[in-house]
1. Using the structure shown, decide if Glu395 is of a type outside the set (A, V, I, L, M), more than 25 Å from Asn235 (Cα to Cα) and either touching a residue at least 12 places away in the same chain (Cβ under 8 Å) or open to solvent by 10 Å² or more (accessible area, probe 1.4 Å) (or both).
2. Filter region 404-414 down to residues that are surrounded by 15 or more Cβ atoms within 10 Å (Cβ to Cβ) and over 28 Å from Arg332 (Cα atoms), then give me how many there are.
3. Do we have any residue at all in region 293-301 that's closer than 30 Å to Leu38 by Cα, free of Cβ contacts under 8 Å to residues at least 40 places away in the same chain and open to solvent by less than 10 Å² (accessible area, probe 1.4 Å)?
4. How do the helices (runs of 4 or more DSSP H) wholly within region 84-193 filter down when requiring 3 or more residues that are at pLDDT 90 or above: which remain?
5. Mind counting the residues in region 211-270 that are open to solvent by less than 30 Å² (accessible area, probe 1.4 Å) and within 30 Å of Ala170 (Cβ to Cβ)?
6. Considering only region 376-431, how many residues are within 17 Å of the chain's Cα centre (by Cα) and aliphatic (A, V, I, L, M)?
7. Give me a count of the residues in region 271-289 that are surrounded by fewer than 20 Cβ atoms within 10 Å (Cβ to Cβ) and either aromatic (Phe, Trp, Tyr) or touching a Pro at 6+ places or on another chain (Cβ under 7 Å) (or both).
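The values are calculated or read from the model by the stated rules, or taken from the named source; none is laboratory data. Keep in mind that what you see is a predicted model, and the values were worked out from it rather than measured. Cβ: placed from backbone, ideal geometry, glycine included. Neighbour counts: every protein chain shown. These accessible areas exclude ligands, DNA and RNA; they are computed on the full protein's heavy atoms, side chains included. Shrake-Rupley method; radii C 1.70, N 1.55, O 1.52, S 1.80 Å.
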Amino acid sequence: MKFKNINIKKYLLFPASWKLISLSISLGILMFFASQLLLGLISLITNLAFNQQFSFHHGNFGDPQRLIIIFMPIIGALILGLMAKYIDQGIRGHGIPEVIERIEYHESHIPFRILWLRPIACAISIGTGGPYGAEGPVIGMGGALGSFIARTFSLTNREKKVLLAAGAAAGISAVFGVPVGAIFLVSELFTRDQRIDNLFPIALCSLSAFLTRVLIIGDAPLFHLADLSFHYGQNATLAFVIMAIVTGITAALTIHAVELTECIYDKLPLHWMWWPVIGVIPVSLLGFLFPSILGASYELLQSLFNLKSNNYFLVELAVIKGGVWAFAVSSRTTSGTLAPLLIFGAGIAAFTFMQLTIPLSISPTLIGLASLVGAGSYFGAISGAPVSSALIVLEMTGKLEYLPLCFGITMIATLVTKSLVNKSIMHTHYS
């Protein structure tokens, strides 16, 4: 018998090498601890800057209407500008476009120094009141760690790309507890290759980060949505479809607004080091009046998910948050996109749904669900990742029973956005 020409690889149990499988699982575990270190560092800087306390516990921005709220975001932005100019420009940007660029144009290579520089810059950015989320920097950190491990163990170019994407997925999974959504997000944005030998290591990495989170923190979802009775009635479905169209149009307008603002920054007669300072001036002024918009504002997002009546104040805060984020993020400072965009999308959806409750005879108790679905549809439309966006918001709340509704509305919003603009927030002028 002749065995010479038999391809042994196709008879292996797993669609990836054992080396890549082992590294993926290890990377996922490491990313959980790295993400917790980042969140602790953000809390530490928040407590030091606003409360003069040395504590790693969840920090707040102290009593409202204090002068420190005006000056601290500006000080943080100045530090970030100096770091970018004199240490490494790699800390600039909101994380995801930079990882995409490294995959597509730099053979999946992210310098090792970004692994520790970006988390420090992120902690300063958010800890001093910047209206960003930690997910962009943690994606960059996960990509940098995956890239470093891939080089250390001499992986192939394809395996480097997969491990970089796996690290990014593990970061999202570790912070938000969304293992499946994280897998699909990096597949939609980074790899764009749905072969099982690519998805398998990414899935293992994301799941190992999530399981580590469950063992240490617990399995409670990051956000909570009250139990309610929802039926696909004619009026309720029509309201959600109208909401999808509005969020899709808003997403297209946001993409244009960010790109236009980026172009305006380019034309300023100032070195780009000063752009982050200009970008946070609205944050400082409005944060003095509305401290809820400072930082990641996860409490604001939770309040929007709990809405059961026409609370326009929360909607106004969400819109303000989205506006100051768009102006600040256009300065190319270290930032994150997911949390601010979810908040803005939830606010737009809640406002739209509020206007429809009386004309369509819909119970106001559905406004919280509309906020949740709107958050997913807006992020899916603006990022060009509708499948993962629907999964992420539902995993974050543990409400997977609304997957058909959320997925359908997100697809409608994405189609509306794509009919108006041929790019996403991940591919604007700068990125």
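1. Yes, satisfied.
2. 7
3. Within region 293-301, not a single residue is closer than 30 Å to Leu38 by Cα, free of Cβ contacts under 8 Å to residues at least 40 places away in the same chain and open to solvent by less than 10 Å² (accessible area, probe 1.4 Å).
4. Filter on region 84-193 gives 113-127, 157-176, 179-186.
5. Matching residues across region 211-270 total 11.
6. Selection size over region 376-431: 12.
7. 3
Yes/no matrix, rows are residues, columns are (1) modelled with pLDDT of 95 or more; (2) closer than 23 Å to Ile139 by Cα; (3) crowded, with 24+ Cβ neighbours inside 10 Å:
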residue	(1), (2), (3)
Ala328	no, yes, yes
Pro340	no, yes, yes
Ile358	no, no, no
Ser361	no, no, no
Pro364	no, no, no
Ser371	yes, no, yes
Gly374	yes, no, yes
